[in-house]
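> Before I ask anything, let me first share the structure, which is written out below as structure tokens.
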Amino acid sequence: MLAATRLLVAEMQVRKYSYPLHVGVTEAGEGEDGRIRSAAGIGALLSEGIGDTIRVSLSEDPENEIPVAKKLADLYPRGMTAKGMSRITYNAPKSKPSLFRNTAGPLVITDLNSDEDINIDTYKQAGFIIDADKGEIKRTDQASDLIVGNCYPEIISSSVPLALPQNIWQDLAPIENIYPVFNAETFSKCKYISDNLNVIITGPGYHVDDFIQADPEKTLLIYRFEPDKDLYSPHAFLNEISWKNPGLNIILGPVFHESELENLHVKAAGISGIYLLDNRVSGICISNDGNISMQEIKDISFSILQCTGRRITGTIYLSCPTCGRTKFNLRDAVKEVKSVTGHMKGLKIAVMGCIVNGPGEMAGADYGYVGTANGKVHLYRGTEVVMKNVPQEIAASELLKLIKADKGH
């Protein structure tokens, strides 16, 4: 979507055409995924000044689309890109510090508020499983890769990487999986740093020269900024890094002040989308001082990475918006398919409301659920129809049987 639209705009500029452009993400889905997928794609284009009208397509009641579209439009008011927009030249390095070498994709970092303790509940919200009987803390596919805190932890686990202020790290060293946090100014002056990982927090107003000598093999750089005040500051920062220390892994750290979950979905995805889709950052560290839990923020982070295709930790669902051709309650069908396949990982499943658009969408999906007549569904494996006119009441369970049979279960 991004490449095609940018190519169109470039060709229009060459030919000196000036036509309005309508942008949107089709088959975005429903719920959190639909909002995040739409915001990431549309937001990336709006951030470059591309798009005169937008359409958010959700597999929900049509009136649910308008508030999301308005929030996206408000994020990038018309004409603002000319004030601070510059083409980013920096690309995220291919290698990460050794602690994260086995992580397939950008990192998810949890940033605790200054008054939060680090205890068992912290680890649960960050996505870890607590085995009380064995006294173990276990990592999951959707556990934060690093927790950044500000106090002495009540419990320390070798399964949970913690980054703590440099003075606390010094007191606790050499405990495994605890690493120091610096701001840019203190890092350049500090004599004691970790031989494994150092986390530097910077943002607008700091000098890149303060950490220009940082070893990329042992450093993560979190760039904190408030989008309401410094929306485009990461652009200039990444460009400066690109010629001063291009090997550093940069973590995008937007700071929000939201109490409504949908607002955070749209803003977090709409702002981070361009950096992830274009491979400009090595991870995200979303902070929020409103009424939204740490677990919800962590879940949003993983959803953003999955919806941008940068890190797949679950099943990807594509579904069309409702229209007059839809032969069943599409939203209920999507929820039913999710309920029976949500435990799976790495699959792409398309749920389409009609036979007109459905078959074409199967080209990019592993499996498909396509409405054909009232209450009837065709099931697909890729572009091949494998079951026809399945009653909707049993279609989701039949789809699960098909997937299990293919996987030898």
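> Please work out if LYS401 is at pLDDT 95 or above and of a type outside the set (Asp, Glu).
So LYS401 fits the description; yes.
> Which of the residues belonging to the range 88-118 are closer than 19 Å to ASP299 by Cα and either aromatic (Phe, Trp, Tyr) or surrounded by fewer than 14 Cβ atoms within 10 Å (Cβ to Cβ) (or both)?
ALA104, ASN113
> May I pose another question? Given THR5, THR26, which one is open to solvent by 60 Å² or more (accessible area, probe 1.4 Å), within 28 Å of MET352 (Cα to Cα) and polar (S, T, N, Q)?
THR26
> Could I ask something else about it? If a residue must be of a type outside the set (Ser, Thr, Tyr), at pLDDT below 95 and farther than 14 Å from SER272 by Cα, how many such residues does the range 218-247 contain?
Summing the residues that are of a type outside the set (Ser, Thr, Tyr), at pLDDT below 95 and farther than 14 Å from SER272 by Cα in the range 218-247 gives 11.
> From the residues in the range 171-208 that are open to solvent by less than 40 Å² (accessible area, probe 1.4 Å), touching a residue at least 24 places away in the same chain (Cβ under 8 Å) and assigned to a helix (DSSP H, G or I), which one is farthest from PHE237 (Cα to Cα)?
The selected residue is PHE187.
> ASN389 fails exactly one of the following numbered conditions: (1) on the phi > 0 side of the Ramachandran plot; (2) open to solvent by 70 Å² or more (accessible area, probe 1.4 Å); (3) modelled with pLDDT under 90. What is the number of that condition?
So the condition that ASN389 fails would be (3).
> So PHE211 passes all but one of these: (1) open to solvent by less than 10 Å² (accessible area, probe 1.4 Å); (2) closer than 29 Å to SER242 by Cβ; (3) within 25 Å of the chain's Cα centre (by Cα). Which condition number does it fail?
(3)
> Right, another one. Of everything in the range 263-293, what is under 17 Å from LEU75 (Cα atoms), out of contact with any Asp or Glu (no Cβ under 9 Å at 6 or more places or on another chain) and surrounded by fewer than 24 Cβ atoms within 10 Å (Cβ to Cβ)? Give them in sequence order.
ASN263
> Quick one: what pairs do we get from the range 274-291, first residue under 15 Å from ARG6 (Cβ atoms), second surrounded by 24 or more Cβ atoms within 10 Å (Cβ to Cβ) and not polar (S, T, N, Q), C-beta under 6 Å, 6+ apart or different chains?
ILE274/ALA44; LEU277/ALA44
The values are calculated or read from the model by the stated rules, or taken from the named source; none is laboratory data. Computed from a predicted structure; not experimentally measured. Here the Cβ is made from the backbone with ideal geometry for all residues, glycine too, and neighbour counts use every protein chain on show. Surface areas here come from the heavy atoms of the whole protein model, side chains and all, with no ligands, DNA or RNA. Shrake-Rupley method; radii C 1.70, N 1.55, O 1.52, S 1.80 Å.
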